[in-house]
Amino acid sequence: MNQRVMLLGSDKPEIVRALRQRPDIQLQVITRTAYAGFYDECGIAYVDSFEDLGQVERAAHSLARAGLPDRVVASTEKSIVAAGLVRSLLGVPGPSFEQSLWAAHKRAMKDRLRAAGLPVTDYAQAGCLEEVPRAARDTGWPVVIKPVFGAMATRTHRVASPQAFARGLREGRYDDLAARGVPILVERLVDVTAEYHCDGVTRRAEVRHATVSRYFTIPLDTPPEVDSGYVVDQSAPIARAILLLHRKAVRALGLQDGVTHLEVFETDRGPVIGEIAIRPGGLGIPRMLWHARGVDLWDEFLRAALGEPMSPPSHGPNPGIVARTQLPAAEGLVRKASALPGVLEARGPDHGGTANVEVYFESPDEAGAESTWRQLRGIAGLKD
């Protein structure tokens with residue numbers, strides 16, 4: 001049966017490719033003019049920003065005049081709340097405006113998680129940079145400051161003290177954060193010994209699949225072009241604790257159908273939730289999990305958005321440790337990385353979802369995975 005799908009998106013290649021392969025889908029698109037070329041032969045409306053919900057509402061109503069959508073898909077972090085608004089306005093199944101807000105607005109999200117008794121670091125919201133010291137009096141210093149809307153560690157800063165904040169403000173160190181024009185989340189900085197993520201698939205409010213992975217290095221200290229990590233032993237105590245947190249977080253946010261990406265800090269007090277998103281993780285995480293577990297998170301994301309059943313895994317779990325790394329693109333790097341023992345796949349910018357070289361590899365144990373990761377860094381000319 002044909003479906004009319006309204007996509008709020010940019011240039012996410014996974015979603016664009018998947019939708020183009022579906023002859024049963026009539027596509028309507030809300031996007032920015034910079035991405036117009038990705039959506040030939042589609043009904044299309046433009047916005048300057050998905051954060052301008054007035055523009056989004058007008059664009060959605062404009063496209064809906066050609067027929068109401070059966071489903072609405074948000075392919076980027078920035079469009080999650082906007083897609084929830086469109087669903088609520090047009091009566092389309094899927095996460096509502098309120099549910100989307102809980103999963104994208106970091107303060108609203110933490111309010112829900114804390115109310116459910118889940119561990120989150122102390123936090124407060126500031127209306128602008130000048131209000132950060134007031135908010136930090138509630139959380140205590142040192143703090144991390146970030147926009148209430150945003151993906152990964154973009155525009156995120158550690159601040160040690162009121163004096164350090166005042167100095168950074170004078171030097172323009174936080175101008176990128178101020179330019180976002182949204183409130184600022186102020187979080188008490190926790191002493192992190194390791195950082196993990198749990199990626200899951202939820203159907204009818206039940207977690208049907210979840211996998212715990214660990215970053216080789218803390219993301220806040222790691223540029224995106226060298227981001228890396230590996231799937232851990234799912235029977236390890238820390239993995240079991242994170243899987244339980246993931247189930248509780250899904251319940252707290254009222255998530256029904258979709259894909260989740262939960263970030264968790266390991267601390268001396270136990271695991272603490274950083275945040276959760278209702279979209280696949282970035283920087284090669286979905287492809288790593290496909291190699292490790294046979295689950296295609298982008299496919300499951302789209303299936304959930306379209307109201308379709310889950311697909312069975314393409315293969316059984318890999319018995320070893322599966323890992324990934326991003327590396328700065330360089331001539332010959334894909335060939336050199338592919339020749340290394342244990343490498344499952346190396347992809348250049350033309351085939352991956354980033355501007356980097358993406359490498360996926362396996363090892364019998366975590367020590368071997370770390371050794372291969374260091375070898376790959378050496379091939380790319382990176383130093384520890």
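The values are calculated or read from the model by the stated rules, or taken from the named source; none is laboratory data. None of these values were measured; they are calculated from a predicted model. Glycine also receives a Cβ, built like all others from the backbone with ideal geometry; neighbour counts cover every protein chain displayed. For the accessible areas, the whole protein counts, side chains as well, though only heavy atoms, and no ligand, DNA or RNA atoms are used. Shrake-Rupley method; radii C 1.70, N 1.55, O 1.52, S 1.80 Å.
In table form, for the structure just shown:
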item	result
Unmet requirement for Leu327, which otherwise passes all of (1) open to solvent by 70 Å² or more (accessible area, probe 1.4 Å); (2) under 20 Å from the mean Cα position of the chain (by Cα)	(1)
Neighbours by Cβ (under 9 Å, 6+ apart or cross-chain): first from the stretch 133-145, of a type in the set (S, T, N, Q); second open to solvent by less than 40 Å² (accessible area, probe 1.4 Å) and modelled with pLDDT under 95	Thr139/Thr121
Qualifying residues in the stretch 182-211 (those that are open to solvent by 50 Å² or more (accessible area, probe 1.4 Å) and part of a strand (DSSP E or B)) - the one nearest to Tyr123 (Cα to Cα)	Arg188
Number of the exception - Val259 against (1) touching a Leu at 6+ places or on another chain (Cβ under 8 Å); (2) closer than 18 Å to Ile321 by Cβ	(2)
Yes/no for Glu300 being more than 23 Å from Val201 (Cα to Cα) and crowded, with 23+ Cβ neighbours inside 10 Å	no
Leading residue by the ranking (surrounded by the fewest Cβ atoms within 10 Å (Cβ to Cβ)) among those in the stretch 225-252 that are in contact with a Phe, Trp or Tyr (Cβ under 8 Å, 6 or more places away or on another chain) and within 27 Å of Leu333 (Cα to Cα)	Val232
Residue check, Arg214 without any contact (Cβ under 8 Å) to a residue 40 or more places away in the chain, open to solvent by 10 Å² or more (accessible area, probe 1.4 Å), part of a strand (DSSP E or B) and of a type outside the set (Asp, Glu)	yes
Only one of Ser338, Ser314 that is at negative phi, open to solvent by 50 Å² or more (accessible area, probe 1.4 Å), of a type in the set (S, T, N, Q) and without any contact (Cβ under 8 Å) to a residue 12 or more places away in the chain	Ser338
Residue in the stretch 97-106 that is more than 17 Å from the chain's Cα centre (by Cα) and of a type outside the set (Asp, Glu) present	yes
Failed condition for Pro95, given (1) assigned to a loop (DSSP other than H, G, I, E, B); (2) modelled with pLDDT of 95 or more	(2)
Qualifying residue in the stretch 116-130 (condition: in contact with a helix residue (DSSP H, G or I) (Cβ under 6 Å, 6 or more places away or on another chain), assigned to a helix (DSSP H, G or I) and farther than 22 Å from Glu195 by Cβ)	yes
Count of residues meeting criterion [of a type in the set (A, V, I, L, M, F, W, C), modelled with pLDDT of 95 or more, in contact with a Gly (Cβ under 7 Å, 6 or more places away or on another chain) and open to solvent by 20 Å² or more (accessible area, probe 1.4 Å)] in the stretch 253-297	1
Residues located in the stretch 162-181, provided they are outside any helix (DSSP H, G or I) and more than 30 Å from the chain's Cα centre (by Cα)	Glu171
Test: residue in the stretch 299-308 that is touching a helix residue (DSSP H, G or I) at 6+ places or on another chain (Cβ under 7 Å) and over 25 Å from His246 (Cα atoms)	no
